[in-house]
Amino acid sequence: MNIILLGPPGAGKGTQARRLVEARGMQQLSTGDMLREARSSGTEMGKRVADVMDRGELVTDEIVIGLIEEKLTHDHPPGGFIFDGFPRTLPQADALGELLTKHGQQVDAVIEMQVDDEALVTRIAGRATCAGCGEVYNDTLRPIPADGACGKCGGTEFKRRADDNEESLRQRLMEYYKKTSPLVGYYYAKGQLHRVDGLAEIDAVSGAIAKVLDKV
Ligand code: AP5
């Protein structure tokens, strides 16, 4: 099963994708994570995208489609792919459909995580990610355990993202509403759209997603 998690920055796509990986043996494909990896490894492409990401703008379709194409060609997870943060534009959505068809696959469900813009600021401003395993925490909503160690892997180093500041978040939201939100209509028209309340507690969101996937 291949699914897309759709929602603005901070909607909880990464948090839920990690849970689906554990629960269903799926593979998370986060273009944001791939770009951050390229950036920290200092590749030419990484250098080119760093400023764009820090400003909260979208990286070119060509670059992200290339990253996804490589994964679809080489990886064959038994549980399928979770697309997290991709597609983000209509050309990316068309390209994903074509790539999956080429590999004899399809998009099985698109989950729109509906949230309130106000909540996103608190979520993003307080986010911390375990440097060891990528588990996502939040200063107020899901704090790092009191002993300072990640509840998943025991790591004690946590990272904050360069684009997790108010100015960049504003731009990321603008990009979402201008370029990504039309995908809601696109996938609705294809009969693939499902909506869940992304403002609910993390477990409740996971439950709502599971309910959708069990019916697909
Ligand atoms: P990317 O890394 O994809 O960032 P994003 O879409 O802005 O989404 P986030 O990772 O910020 O949020 P999330 O929805 O995963 O939320 P999370 O689970 O962490 O992209 C970064 C940049 O890369 C882009 O700006 C762009 O430049 C570039 N890029 C990436 N893909 C691209 C593409 N396809 N095309 C072009 N450019 C691209 O949760 C957030 C916080 O909330 C956490 O602290 C978490 O603990 C908390 N939380 C989560 N769920 C809940 C809940 N239910 N209740 C309470 N708290 C919760």
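The values are calculated or read from the model by the stated rules, or taken from the named source; none is laboratory data. Here the structure is a predicted model, which means the values were calculated and not measured. With ideal geometry, Cβ positions are generated from the backbone for all residues, glycine too; neighbour counts draw on all protein chains shown.
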Report task. Among the residues of region 66-86, write down those that are of a type in the set (A, V, I, L, M, F, W, C) and more than 23 Å from T15 (Cα to Cα). Result -> none
**Report entry** Residue count for region 120-160, restricted to those that are in a loop (DSSP other than H, G, I, E, B), surrounded by fewer than 17 Cβ atoms within 10 Å (Cβ to Cβ) and either more than 7 Å from the ligand (Cβ to nearest atom) or at positive phi (or both)
**Finding:** 19
Report task. For region 175-202, name all the residues that are assigned to a helix (DSSP H, G or I) and in contact with a strand residue (DSSP E or B) (Cβ under 9 Å, 6 or more places away or on another chain). Result -> T180, L183, V184, G185, Y186, Y187, Y188, I202
Query raised in the report: If Y186 satisfies every condition in (1) under 30 Å from R55 (Cα atoms); (2) of a type outside the set (A, V, I, L, M, F, W, C); (3) loosely packed, with under 15 Cβ neighbours inside 10 Å but one, which is the exception?
Result: (3)
Report summary line: In region 188-204, anything touching a residue at least 40 places away in the same chain (Cβ under 8 Å) and either over 9 Å from V110 (Cβ atoms) or within 15 Å of the ligand (Cβ to nearest atom) (or both) is listed as R195, V196, D197, G198, L199, I202
Query raised in the report: Taking region 31-56 as the region of interest, how many residues are near the ligand (Cβ under 6 Å from one of its atoms) and at negative phi?
Result: 5
Query raised in the report: What is the residue count in region 161-174 for residues that are surrounded by fewer than 17 Cβ atoms within 10 Å (Cβ to Cβ) and in a loop (DSSP other than H, G, I, E, B)?
Result: 3
Report task. Give the residues of region 39-59 that are buried (at least 17 other Cβ atoms within 10 Å of the Cβ), in contact (Cβ under 8 Å) with a residue 24 or more places away in the chain and in a helix (DSSP H, G or I), sorted by residue number. Result -> M53
Query - Residues located in region 13-29, provided they are over 8 Å from the mean Cα position of the chain (by Cα) and either within 9 Å of the ligand (Cβ to nearest atom) or without any contact (Cβ under 8 Å) to a residue 40 or more places away in the chain (or both) - result: T15, Q16, R18, E22
Report task. Would you point out which residue out of G85, G32 is within 19 Å of R160 (Cα to Cα), in contact with a strand residue (DSSP E or B) (Cβ under 8 Å, 6 or more places away or on another chain), in contact (Cβ under 8 Å) with a residue 60 or more places away in the chain and surrounded by 16 or more Cβ atoms within 10 Å (Cβ to Cβ)? Result -> G85
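Results for (1) within 14 Å of the ligand (Cβ to nearest atom); (2) closer than 16 Å to N2 by Cα; (3) modelled with pLDDT of 95 or more; (4) not in a loop (DSSP other than H, G, I, E, B), shown as yes or no for each residue.
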position: E62; (1), (2), (3), (4): yes, no, yes, yes
position: I68; (1), (2), (3), (4): yes, yes, yes, yes
position: I82; (1), (2), (3), (4): yes, yes, yes, yes
position: A93; (1), (2), (3), (4): yes, yes, yes, yes
position: L96; (1), (2), (3), (4): yes, yes, yes, yes
position: Q105; (1), (2), (3), (4): no, yes, yes, no
position: I111; (1), (2), (3), (4): yes, yes, yes, yes
